[in-house]
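Undergrad: What follows is a single structure, and I will ask about it in a moment.
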Amino acid sequence: MEVPRAAGVVVIGGGVVGCSIAYHLARRGVRDVLVVERDAVGAGATSKAAGGIRAQFPTETEIRFSLESRRVFETFAEEFGVDPGYRRIGYLFLVSDAADLRGFEARIALQRGLGVDVRLISPDEARALVPALRVDDLLAAVWGPEDGMAGPAEVTGGFARRARELGARIVEGVEVTGLVLAAGRLRAVRTAARTIATPVAVNAAGPAAARVARLAGVELPVLPRRRHIFFTEPFPEVPGPVPLTTDRASGFYFRKELDALLLSPGDVQDVGDDLVAPVDWGMAEELVRKAVHRLPILERARIAGGWAGLRPLTPDDHAIIGPAPGVEGFFLAVGFGGHGFQHAPATGRVVAEWLTEGRPSMDLSLFDPGRFARGRAVAHDRGPDAE
Ligand SMILES: Cc1cc2nc3c(=O)[nH]c(=O)nc-3n(C[C@H](O)[C@H](O)[C@H](O)COP(=O)(O)OP(=O)(O)OC[C@H]3O[C@@H](n4cnc5c(N)ncnc54)[C@H](O)[C@@H]3O)c2cc1C
């Protein structure tokens, strides 16, 4: 598709977040919504996600985002005409440290108060859910039976398709290379193909968000960090259903994918890049050590392959959503870390609402872009780094 000369809103980045925003803007009747994607729709961090969806977050705002997004996943097929592969497999956290357990207890109280079904269970109850688990070194486990998973490609494709049907345009293979400002206001978005006149641009560039923000002179603490996922050959020795299970002590997590197991070492690495994350096969060794400790039966499994992706982290592990400080017309929806896929439905709605109504209908101060400059972004309780 040709790059147009002008647009009402330009969304920079066609990942799950950008496509959800485009859909919600178009649904609200915004004309001339244009998504500019340097690669292909969903090819960024979104294509690397494990698809996990949980309501076990440490703050009320994020829990509300989860509950709203879950409702969207539940009815996705009807609304978008695409089966998102949504399944309630549950999330299970294995806890072996007393201080960690106290943190969970406080979060469970908050989550339950907001209507989330989350339970503290014994190690033996955890083993009843996943019989292959080693549990002799655990203090407890935390079980969220309503948590689940869906397919990032299916969900992103569903948002993109409906956005197009509602009149939004999506151009792929076009990189945003500049943002044109005048008197502190955004005027245009520059690409190699053409400069697009627009009063509003939304930065939804995932791990490359800081680079895109810099085009407008805005510094953003979005820190791309690599994480690996490996998968086994078919391994019926661990039969399904298996919850998305995280070993808090090591960061190792796993879930089933058809007959195989998806396994992550839970690594967090700065590879000095915001676009590409090459696989380090040495990580497979670390993975095997952590995995065999928790699931001894995996001694018999074989790793069939793996991939790595960049999680767009922030210093306090909360996203950055709101107008960019100092540049009128430049909006931010970035820094979603390991939970950008699952929070994309609610994010699209609040961003579209904010842009069309002038403010959001819920308190989004947790995500305030200005909090870092004001020194307010202190990580008190990050909650589990689960994906
Ligand atoms: C291994 C791994 C596992 C994960 N598991 C989960 C999980 O289970 N659940 C969950 O919720 N989240 C998970 N995540 C996190 C999730 O993938 C991200 O938070 C989410 O995909 C971010 O979506 P996004 O649209 O912001 O970014 P992206 O998908 O990266 O989209 C941004 C897009 O912007 C484009 N872009 C960048 N710069 C430019 C430019 N200058 N011009 C034009 N386009 C540009 C990129 O090409 C990209 O397509 C995981 C991440 C990883 C790496």
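The values are calculated or read from the model by the stated rules, or taken from the named source; none is laboratory data. Since this is a predicted model, take the numbers as computed values, not measurements. All Cβ positions, glycine included, derive from the backbone under ideal geometry; neighbour counts span all protein chains shown.
Undergrad: Is it fair to say Leu120 is free of Cβ contacts under 8 Å to residues at least 24 places away in the same chain and either of a type in the set (A, V, I, L, M) or part of a strand (DSSP E or B) (or both)?
TA: For Leu120, the condition - free of Cβ contacts under 8 Å to residues at least 24 places away in the same chain and either of a type in the set (A, V, I, L, M) or part of a strand (DSSP E or B) (or both) - is met.
Undergrad: Could you list, in sequence order, all residues of segment 49-69 that are over 11 Å from the mean Cα position of the chain (by Cα), aliphatic (A, V, I, L, M) and in a loop (DSSP other than H, G, I, E, B)?
TA: Ala55
Undergrad: Of the residues Arg161, Arg169, Arg187, Arg127, which single one is under 21 Å from the mean Cα position of the chain (by Cα) and among the charged types (D, E, K, R)? Reasoning before the result, please.
TA: Working: Arg169 fails: under 21 Å from the mean Cα position of the chain (by Cα); Arg187 fails: under 21 Å from the mean Cα position of the chain (by Cα); Arg127 fails: under 21 Å from the mean Cα position of the chain (by Cα).
Among Arg161, Arg169, Arg187, Arg127, only Arg161 is under 21 Å from the mean Cα position of the chain (by Cα) and among the charged types (D, E, K, R).
Undergrad: Name the residues in segment 237-257 that are in contact with a Phe, Trp or Tyr (Cβ under 8 Å, 6 or more places away or on another chain) and either outside any strand (DSSP E or B) or within 14 Å of the ligand (Cβ to nearest atom) (or both), would you?
TA: Going residue by residue through segment 237-257, those that are in contact with a Phe, Trp or Tyr (Cβ under 8 Å, 6 or more places away or on another chain) are 242-248, 257.
Val242, Pro243, Leu244, Thr245, Thr246, Arg248, Glu257 - these are the residues of segment 237-257 that are in contact with a Phe, Trp or Tyr (Cβ under 8 Å, 6 or more places away or on another chain) and either outside any strand (DSSP E or B) or within 14 Å of the ligand (Cβ to nearest atom) (or both).
Undergrad: Mind listing just one residue for me: the one in segment 225-236 that is more than 9 Å from the ligand (Cβ to nearest atom) and in a strand (DSSP E or B) and, of those, farthest from Ala183 (Cα to Cα)?
TA: Our first condition is that a residue be more than 9 Å from the ligand (Cβ to nearest atom); within segment 225-236, this holds for 230-236.
Subsequent filtering for residues that are in a strand (DSSP E or B) retains 230-232.
Working: Phe230: 49, Phe231: 52, Thr232: 56 Å.
Of everything passing the filter in segment 225-236, Thr232 is farthest from Ala183 (Cα to Cα).
Undergrad: Another question, if that's okay. How many residues are under 30 Å from Ser20 (Cα atoms), part of a helix (DSSP H, G or I) and aliphatic (A, V, I, L, M) when one looks only at segment 123-152? Working first, answer last.
TA: So in segment 123-152, the residues under 30 Å from Ser20 (Cα atoms) come out as 143-152.
Now restrict to residues that are part of a helix (DSSP H, G or I): 152.
Checking which are aliphatic (A, V, I, L, M) leaves us with none.
Adding up the residues that qualify gives 0.
Undergrad: For segment 326-359, what are the residues that are more than 20 Å from the chain's Cα centre (by Cα) and either under 16 Å from Glu60 (Cα atoms) or surrounded by 24 or more Cβ atoms within 10 Å (Cβ to Cβ) (or both)?
TA: Within segment 326-359, just Phe330 meets the criteria.
Undergrad: Pairs only if they're at least six apart or on different chains, beta carbon under 7 angstrom, first in segment 341-362 and without any contact (Cβ under 8 Å) to a residue 40 or more places away in the chain, second assigned to a helix (DSSP H, G or I); list them, first residue then second.
TA: Hits for this filter: Pro360/Val350; Pro360/Glu353; Pro360/Trp354; Ser361/Glu353.
Undergrad: A follow-up question, please. So, in segment 26-49, of the ones that are near the ligand (Cβ under 6 Å from one of its atoms) and charged (D, E, K, R), which residue ends up surrounded by the fewest Cβ atoms within 10 Å (Cβ to Cβ)? Write out each step before concluding.
TA: Keep residues of segment 26-49 that are near the ligand (Cβ under 6 Å from one of its atoms), which gives 36-39, 43-46, 48-49.
Still in the list and also charged (D, E, K, R): 37-39, 48.
Values: Glu37: 26, Arg38: 21, Asp39: 16, Lys48: 20.
Among those residues, the one meeting the criterion is Asp39.
Undergrad: Next question. Quickly run through segment 203-219 and pick out the residues that are in contact with a helix residue (DSSP H, G or I) (Cβ under 9 Å, 6 or more places away or on another chain) and either in a helix (DSSP H, G or I) or buried (at least 24 other Cβ atoms within 10 Å of the Cβ) (or both). Let's see the steps before the verdict.
TA: Let us first name the residues in segment 203-219 that are in contact with a helix residue (DSSP H, G or I) (Cβ under 9 Å, 6 or more places away or on another chain), namely 203-207, 218-219.
Passing the criteria: Asn203, Ala204, Ala205, Gly206, Pro207.
Undergrad: Would you confirm, using the coordinates I've provided, whether Thr191 is within 9 Å of the ligand (Cβ to nearest atom) and surrounded by fewer than 20 Cβ atoms within 10 Å (Cβ to Cβ)? Give the derivation first.
TA: On the way: within 9 Å of the ligand (Cβ to nearest atom): yes; surrounded by fewer than 20 Cβ atoms within 10 Å (Cβ to Cβ): yes.
Here the answer is yes, as Thr191 does meet what is asked.
Undergrad: So, one more: Identify, from the list Ala260, Ala209, the residue that is at pLDDT 95 or above, closer than 29 Å to His343 by Cα, within 14 Å of the ligand (Cβ to nearest atom) and of a type outside the set (D, E, K, R).
TA: On the way: Ala260 fails: within 14 Å of the ligand (Cβ to nearest atom).
Step by step, each of Ala260, Ala209 is checked, and only Ala209 is at pLDDT 95 or above, closer than 29 Å to His343 by Cα, within 14 Å of the ligand (Cβ to nearest atom) and of a type outside the set (D, E, K, R).
Undergrad: Now a separate question. Search segment 13-38 for residues that are within 19 Å of Arg211 (Cα to Cα) and of a type in the set (D, E, K, R) and pair each with any residue that is within 6 Å of the ligand (Cβ to nearest atom) and outside any loop (DSSP other than H, G, I, E, B) when their beta-carbon atoms are under 8 Å apart and the residues are at least 6 apart or on different chains.
TA: Short answer, once both residue conditions are applied: Glu37/Gly18; Arg38/Val176.
Undergrad: Taking the conditions exactly as written (modelled with pLDDT of 95 or more and either closer than 18 Å to Ala55 by Cα or not acidic (Asp, Glu) (or both)), does Val378 satisfy them or not? Walk me through how you get there before you give the answer.
TA: Values: modelled with pLDDT of 95 or more: no; either closer than 18 Å to Ala55 by Cα or not acidic (Asp, Glu) (or both): yes.
In short, no.
Undergrad: Of a type outside the set (Gly, Ala, Ser) and more than 16 Å from the ligand (Cβ to nearest atom): is that true of Ile63 in this structure?
TA: Values: of a type outside the set (Gly, Ala, Ser): yes; more than 16 Å from the ligand (Cβ to nearest atom): no.
Answer is no for this residue.
Undergrad: To continue, here is another question. Here is a check on your reading of the model: is Ser264 of a type outside the set (Lys, Arg), within 26 Å of Ala208 (Cβ to Cβ) and in contact (Cβ under 8 Å) with a residue 12 or more places away in the chain?
TA: Judged against the criteria, Ser264 is a match.
Undergrad: Name the residues in segment 270-289 that are assigned to a loop (DSSP other than H, G, I, E, B) and acidic (Asp, Glu), would you? Before the answer, list the steps.
TA: Start the filter on segment 270-289 by keeping residues that are assigned to a loop (DSSP other than H, G, I, E, B), which leaves 270-282.
Across segment 270-289, the qualifying residues are Asp270, Asp273, Asp274, Asp280.
Undergrad: Hey, another quick one. How about segment 330-362: which of its residues are in contact with a helix residue (DSSP H, G or I) (Cβ under 7 Å, 6 or more places away or on another chain), within 7 Å of the ligand (Cβ to nearest atom) and assigned to a helix (DSSP H, G or I)?
TA: Gly340, Phe341, Gln342, His343, Ala344
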